[in-house]
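Below: the structure, in structure tokens.
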Amino acid sequence: MTIALAIEYIPRRMNDIGIGTNYFLRYRHFVIQPLETIELDGDNQFFIQVDEITDITIRSEFGIYDLSDTTINEQQYEHQGKITLYNYSASMKHVRFIQVIPKN
């Protein structure tokens with residue numbers, strides 16, 4: 001998902017789940033070192049991934065994103081709850097999200 005698509009998608013998604021325009025947006029850019037794991041607390045928030053990234057696994061209550069995992073039949077770009085980012089490559093990776101934080 002691109003940033004432009006995410007900005008178009010977020011108001012519709014928030015309206016669909018009854019939040020309307022009662023939310024804040026925050027841009028998050030994580031730099032993950034080789035073989036590093038980062039855990040995020042995304043309870044009552046939404047993290048919309050805005051890039052396609054290789055050699056990264058993102059797991060959350062909503063599903064998994066990992067372009068190299070052939071057992072996944074759908075890549076998830078929207079994450080919530082406990083979110084785990086794992087860089088299994090030998091190089092540093094960048095992961096960008098738009099974080100949606102409901103006001104209530």
Practice task
May I ask you to verify whether D66 is of a type outside the set (F, W, Y) and without any contact (Cβ under 8 Å) to a residue 12 or more places away in the chain?
Solution key: yes
Problem - Residue in region 28-44 that is farthest from K93 (Cα to Cα), counting only those that are within 13 Å of the chain's Cα centre (by Cα) and open to solvent by less than 40 Å² (accessible area, probe 1.4 Å) - result: G42
Practice task
Within region 39-51, identify whether any single residue is at positive phi and not in a strand (DSSP E or B), and answer yes or no.
Solution key: no
Handout entry: Positions within region 52-83 being surrounded by 15 or more Cβ atoms within 10 Å (Cβ to Cβ) and not in a strand (DSSP E or B), in sequence order
Key = I53, D55, F62, D66, Q75, Q76, Y77
Practice task
Determine, yes or no, whether I10 is open to solvent by 30 Å² or more (accessible area, probe 1.4 Å), over 11 Å from the mean Cα position of the chain (by Cα) and either closer than 16 Å to K103 by Cα or modelled with pLDDT of 95 or more (or both).
Solution key: no
Exercise for the section: Quick one: count up the residues across region 44-95 that are farther than 20 Å from I10 by Cβ, among the hydroxyl-bearing types (S, T, Y) and touching a Phe, Trp or Tyr at 6+ places or on another chain (Cβ under 7 Å). Expected result: 1
Practice task
Report, ordered by the first and then the second residue, all pairs with beta carbons closer than 7 Å, sequence separation of six or more or different chains, a first member in region 15-27 that is open to solvent by 70 Å² or more (accessible area, probe 1.4 Å), and a second member that is of a type in the set (D, E, K, R).
Solution key: F24/K103
Practice task
Might you check whether a residue that is modelled with pLDDT of 95 or more and closer than 16 Å to I101 by Cβ occurs anywhere in region 56-69?
Solution key: yes
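The values are calculated or read from the model by the stated rules, or taken from the named source; none is laboratory data. None of the values given here were measured: they were computed from a predicted structure. No Cβ is skipped: glycine too gets one built from the backbone with ideal geometry, and neighbour counts run over all protein chains shown. Keep in mind that these areas ignore ligands, DNA and RNA; they rest on the heavy atoms of the full protein, side chains included. Shrake-Rupley method; radii C 1.70, N 1.55, O 1.52, S 1.80 Å.
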